[in-house]
Amino acid sequence: MAKVCKSQEEIASEAINHALKALRKRHLLEEAAHGPAFLALSRPFASQGSEWKEKAENLQVELQQCYKAQSRLSEQLVVEVAESRASKALAEEKSKALADLQQELTELRDECSQLKTDLEEKIKSLEVVVSENSELKAQLEQMTNKANKAEAENKMLIDRWMLEKMKDAERLNEANALYEDMVERLKASGLEQLARQQVDGVVRRSEEGAEFFLESNIPSTCKYRLRAHEGGCASILFEYNSSKLITGGQDRSVKVWDTNTGSLSSSLHGCLGSVLDLSITHDNRSVIAASSSNNLYVWELNSGRVRHTLTGHTDKVCAVDVSKISTRHVVSAAYDRTIKVWDLVKGYCTNTIIFHSNCNALSFSMDGQTIFSGHVDGNLRLWDIQSGKLLSEVAAHSLAVTSLSLSRNGNVVLTSGRDNVHNLFDVRSLEVCGTLKASGNRVASNWSRSCMSPDDNHVAAGSADGSVYIWSISKGDIVSTLKEHTSSVLCCRWSGIGKPLASADKNGIVCIWT
């Protein structure tokens, strides 16, 4: 760039010199051309006056032209000089920029060299890390193989232990079955006599120390008003052939009451949620509670100790029942759209039934082979306990079923629904054999429980207005309306010995009626 600029300056200088030389040459030529004029002027003026005058005028014109040409050349020279200076300044700027670029290029080359060095170091470090990773993978694989072997050995030991436990349980079950068989044989004569003592459909027990089955009379008086639970009482039941009442409430407790004196006998603790339903084994040894904590809790009634916590449901458990012929089988329903069958001896689930409609109420058949279930879609369904297959179903209510109660002989099932209707179904044909309703009777919740009297002559159901309605099954009419509660009545239950009747409400108050 400097060479280019230099050559332009030289060209400009040569052009100026050339112009000056041309002017000198022309001046000399003009002097030579004007020589005769000067000679003529030296002659006498009179003789050559007109000629000189003409020549002087011509020379003056030529001189003016020369001056004009000189002026134009001067202007061109000034322009050329200015352009030369501008070119020189531009060349200097270019030269400076070129120097800066060269310096920047040098710095970039140095930086590139440094980056290349760093990259080589990183590659070496990466190779070291990859090598260490490979070694760690090899060690991990060895440890995994060892863990798999240990897990397999552990599983084998657990299987052997479980097998031994199952063998022990089977031996214990065989011993229990043998003992029960011996007891049944010893009671055979007493049972024969019991079967013969049937008067007007009322069975009386004559075994020593046992209560009698009495004809259920219509209660009219509140004998005791018990403040049983804080926050509401959702489930109550009587012990088999006893006047002892068991209640469960939202305060997560289960309580046992003596209805003869109205006193609290014992309390069962350990439940982690509200008690939504209760059931008891026919030998009165174990109580099972369905809980909003998604679990079922099994207590030994005598000791108050939690025997099992049955887990497996994924939503609140709202219904539970125990087989009427065995203390081993329990069925439960939850709002996870499942019905589960449990083995109380082993403490785990043996079968799961999945259905699209949630189940609100459950009951075993008298032979323990069939499960009755009442669902939110208003249908009553029957299931086989062994296979879990749906045996039959019937549209029981236009709204959700809230309660199921089986008659003493197992031939009739009572269903209650949110449509405020109580239906009686013949179990064999699933046809309606009775419908009970009243203008003031309104079912309070999805788990409002109604009941049948032990002699299968009456139905008791609570209402949202705090009343307890009692119907005669044979007449289909209301025979009594009990008023003592100040909030919605959630459940009613008759003692298996004919009296008393118990009812519970949303305030946790339990009334004992005689």
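The values are calculated or read from the model by the stated rules, or taken from the named source; none is laboratory data. Since we're looking at a predicted model, the values are computed, not measured. Positions of Cβ are backbone-derived with ideal geometry, glycine not excepted, and every protein chain shown enters the neighbour counts. Calculation scope for accessible area: heavy atoms of the full protein, side chains included, ligands and nucleic acids excluded. Shrake-Rupley method; radii C 1.70, N 1.55, O 1.52, S 1.80 Å.
Here P(r) over Cα pairs in 20 Å bins from 0, in percent was computed from the coordinates, and among (1) 18, 48, 26, 7, 2, 0; (2) 19, 53, 25, 2, 0; (3) 17, 32, 9, 6, 7, 8, 9, 8, 4, 0 the match is (3).
Once the piece of chain linking ALA82 and MET166 is laid out straight, how much longer is it, given 0.36 nm per residue of separation minus the C-alpha distance between them?
Gain in length upon complete extension: 18.7 nm.
Against the chain, whose longest principal axis comes from its Cα atoms, helix 2-41 is set at around 30 degrees.
With no solvent and one equal point scatterer placed on each C-alpha of the range 131-177, evaluate the Debye formula and give log10 I(q)/I(0) for q = 0.26 Å⁻¹, two decimals. Log10 of I(q)/I(0), two decimals: -0.85. By DSSP, the beta bridges lying fully in the chain are antiparallel in about 100 percent of cases.
The alpha-carbon positions of the range 367-514 define a convex hull whose volume is 108 Å³ per residue. Amide H contacts under 5 Å for LEU490: ALA504, ASP505, LYS506, restricted to partners 5 or more places along the chain or on a different chain, H placed in the peptide plane at 1.01 Å from N. Annotation for the range 380-428: trypsin sites (Lys or Arg not before Pro) lying in DSSP loop with at most 13 further Cβ atoms inside 10 Å of their Cβ are LYS389, ARG428. Rounded to the nearest whole Hz, the Karplus-based 3J(HN,Hα) values (6.51 cos²θ - 1.76 cosθ + 1.60, θ = phi - 60°) of the range 155-162 follow the sequence 4, 5, 5, 5, 4, 5, 5, 4, with x at glycine and proline.
Full extension of the chain between ILE325 and SER134 gives 62.3 nm of extra length, using 0.36 nm per residue less the Cα-Cα distance. For ALA319, nonlocal amide neighbours, meaning residues 5 or more places apart or on other chains whose placed amide H falls under 5 Å from its own, are ALA333. Taking 7 Å steps out from each Cα toward its Cβ at TYR240 and ILE218 produces label points 3.2 nm apart.
Taking all Cα pairs closer than 8 Å and separated by 6 or more residues, the relative contact order of the range 248-298 comes to 30 percent. Entry note, the chain: relative contact order of 10 percent, from Cα contacts under 8 Å with a spacing of 6+ residues.
The phi-based Karplus calculation (6.51 cos²θ - 1.76 cosθ + 1.60; θ = phi - 60°) puts the 3J(HN,Hα) values of the range 457-471 at 9, 9, 10, 10, 8, x, 10, 5, 8, x, 9, 10, 9, 10, 10 Hz, whole numbers, x for Gly and Pro.
Summed over the residues of the chain and divided among them, the accessible surface reaches 58 Å² per residue at a probe radius of 1.4 Å. Amide H contacts of SER274: SER292, SER293, each under 5 Å away and 5 or more positions distant or on a separate chain (H built 1.01 Å from N in the peptide plane; Pro and chain starts excluded).
Legend: residue pairs LYS316/LYS483; LYS167/LYS255; LYS316/LYS389; LYS223/LYS506; LYS340/LYS475; LYS94/LYS116, Cα-Cα distance threshold 26 Å; pairs beyond threshold, LYS316/LYS483; LYS167/LYS255; LYS340/LYS475; LYS94/LYS116. Phi angles of the range 409-425 translate, via the Karplus equation with coefficients 6.51, -1.76, 1.60 and θ = phi - 60°, into HN-Hα couplings of 8, x, 8, 10, 10, 9, 10, 10, x, 5, 7, 6, 10, 10, 10, 10, 10 Hz per residue; Gly and Pro are given as x. With all protein chains in place and a 1.4 Å probe, the accessible surface of the range 246-382 carries 45 percent carbon and sulfur.
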